[in-house]
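Engineer: If you scroll down you'll find the structure; I have some questions about it.
The values are calculated or read from the model by the stated rules, or taken from the named source; none is laboratory data. In this text, all values refer to a predicted model and were calculated from it rather than measured experimentally. All Cβ positions, even for glycine, are placed from backbone atoms using ideal geometry, and neighbour counts span all protein chains on display.
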Ligand SMILES: *Cc1c(COP(=O)(O)O)cnc(C)c1O
């Protein structure tokens, strides 16, 4: 059986967790390993502030509080994404304005954003699908023109870049996920990256249950008290220790994934050239992190058949997001601006092949062989 995903494990995680338990005597958050993780992001990605969170969902919730979303405000997002991208804003009373995606990258179509802006629009939420960047120059230009915030959902995008800039560090705020299905993991976890420094102080407060505890520890205030709304967004040291082991080997993990991705791409190219399938497109200004390898089938029926065929051969391949705008909550909390030309149709064609750190070449070859056989009719089942 070839799993679709395996949580990343590099080898030093248990050592570091042991250190937390035996030496550091701090199990709650913001201990030595949490600090190391945050410094790693700040240095490597050259951003003013990284704060680990309990999830990317929670990083997005923090972002919604920071940009001061109030009932009736609108935010612009793609419909082809995970629920948390928009739920975090809906929880603060926002209405979601969905716009169509580009069929080539499955990212929000930057040329459709401007027409969706109203007097109530407060933010744009680009999602870097599969770790391939949205057109951030265009999105930032629009945001500047209308004084909107840009909050990157970079859950897929750790170690990817756009014109050399790490994803998550281009907008006002960037959100990462370290869920076990993402490239770097701590089981459940995330981070918020703060580029717009006006949010620095309030971010710490919101993350500390609405208290000024961080300022108190730094000696800036002599009393630690309730100053704002907030919640418990700080992950445990144990989780941070697991993540730090992977950050130390981030390049190794990234290269391993890219090798698998490139093997898929090269060996499935003939099928694409002959029109059987479509392969992912990577714009020239984007360096991706092989978060995902997907192909596109002709339609949903062919995709269902291929999933069954691969499953019969012991391979787990899965489809991805069902567009949010047509879901029960999506109808209630959002509206689609313009036409759904690509969101629904392209999402029904997309199939993700197994992709994880350590996926053996032998298995990749078997997967490729089975996909080719499905299309060329090499074998019946
Ligand atoms: C995984 C994911 C999230 C949520 O991440 P969690 O850490 O599980 O909360 C948000 N947005 C996108 C695009 C994701 O893929």
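Engineer: Which of the helices (runs of 4 or more DSSP H) found entirely inside the stretch 29-104 contain at least 3 residues meeting this: within 15 Å of the ligand (Cβ to nearest atom)?
Structural biologist: The helices (runs of 4 or more DSSP H) meeting that bar are 56-66, 83-90.
Engineer: A follow-up question, please. Please work out which one of (1) within 13 Å of the chain's Cα centre (by Cα); (2) free of Cβ contacts under 8 Å to residues at least 60 places away in the same chain is the condition residue 80 fails and give its number.
Structural biologist: (2)
Engineer: Can you pull out the residues in the stretch 63-84 that are crowded, with 24+ Cβ neighbours inside 10 Å, in contact with a strand residue (DSSP E or B) (Cβ under 7 Å, 6 or more places away or on another chain) and either under 12 Å from residue 125 (Cβ atoms) or at pLDDT below 95 (or both)?
Structural biologist: 63, 75, 76, 77, 78, 79, 81
Per-residue answers, yes or no, for (1) buried (at least 24 other Cβ atoms within 10 Å of the Cβ); (2) within 10 Å of the ligand (Cβ to nearest atom):
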| residue | (1), (2) |
| --- | --- |
| 122 | no, no |
| 134 | yes, no |
| 140 | no, no |
| 151 | yes, no |
| 155 | yes, yes |
| 158 | yes, no |
| 164 | no, no |
| 167 | yes, no |
| 182 | no, yes |
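Engineer: Any residue that is surrounded by 24 or more Cβ atoms within 10 Å (Cβ to Cβ), in contact (Cβ under 8 Å) with a residue 24 or more places away in the chain, more than 11 Å from the ligand (Cβ to nearest atom) and outside any strand (DSSP E or B) - is there at least one of those in the stretch 210-228?
Structural biologist: no
Engineer: Of the residues that make up the stretch 258-265, is at least one crowded, with 19+ Cβ neighbours inside 10 Å, farther than 13 Å from residue 359 by Cα and modelled with pLDDT of 95 or more? Quick ask: steps written out before the conclusion?
Structural biologist: Going through the stretch 258-265, the residues crowded, with 19+ Cβ neighbours inside 10 Å turn out to be 260-261, 264.
Next, only the ones that are farther than 13 Å from residue 359 by Cα stay: none.
Within the stretch 258-265, not a single residue is crowded, with 19+ Cβ neighbours inside 10 Å, farther than 13 Å from residue 359 by Cα and modelled with pLDDT of 95 or more.
Engineer: Now a separate question. Does residue 174 satisfy being crowded, with 22+ Cβ neighbours inside 10 Å and either without any contact (Cβ under 8 Å) to a residue 60 or more places away in the chain or under 15 Å from residue 126 (Cα atoms) (or both)? Reasoning before the result, please.
Structural biologist: Working: crowded, with 22+ Cβ neighbours inside 10 Å: yes; either without any contact (Cβ under 8 Å) to a residue 60 or more places away in the chain or under 15 Å from residue 126 (Cα atoms) (or both): yes.
For residue 174, the condition - crowded, with 22+ Cβ neighbours inside 10 Å and either without any contact (Cβ under 8 Å) to a residue 60 or more places away in the chain or under 15 Å from residue 126 (Cα atoms) (or both) - is met.
Engineer: Quickly run through the stretch 184-199 and pick out the residues that are away from the ligand (no atom under 16 Å from the Cβ) and out of contact with any strand residue (DSSP E or B) (no Cβ under 6 Å at 6 or more places or on another chain).
Structural biologist: Of everything in the stretch 184-199, those that are away from the ligand (no atom under 16 Å from the Cβ) and out of contact with any strand residue (DSSP E or B) (no Cβ under 6 Å at 6 or more places or on another chain) turn out to be 195, 196, 197, 198, 199.
Engineer: Right, another one. Taking residue 141 as meeting all but one of (1) under 19 Å from residue 320 (Cβ atoms); (2) free of Cβ contacts under 8 Å to residues at least 12 places away in the same chain, write down the number of the exception.
Structural biologist: (1)
Engineer: So in the stretch 105-118, with the set limited to residues that are touching a helix residue (DSSP H, G or I) at 6+ places or on another chain (Cβ under 7 Å) and in contact (Cβ under 8 Å) with a residue 40 or more places away in the chain, which one is nearest to the ligand (Cβ to nearest atom)?
Structural biologist: 106
Engineer: Same structure, new question: Mind listing whichever residues of the stretch 85-111 are in contact with a strand residue (DSSP E or B) (Cβ under 7 Å, 6 or more places away or on another chain) and either within 19 Å of residue 70 (Cα to Cα) or surrounded by fewer than 19 Cβ atoms within 10 Å (Cβ to Cβ) (or both)?
Structural biologist: Once the filter is applied, which keeps residues that are in contact with a strand residue (DSSP E or B) (Cβ under 7 Å, 6 or more places away or on another chain) and either within 19 Å of residue 70 (Cα to Cα) or surrounded by fewer than 19 Cβ atoms within 10 Å (Cβ to Cβ) (or both), the stretch 85-111 yields 85, 86, 89, 90, 94, 95, 96, 97, 98.
Engineer: Taking residue 130 and the conditions (1) out of contact with any helix residue (DSSP H, G or I) (no Cβ under 7 Å at 6 or more places or on another chain); (2) away from the ligand (no atom under 16 Å from the Cβ); (3) over 18 Å from residue 337 (Cα atoms), which numbered condition does it fall short on, given that it satisfies the others?
Structural biologist: Condition (2) is where residue 130 drops out.
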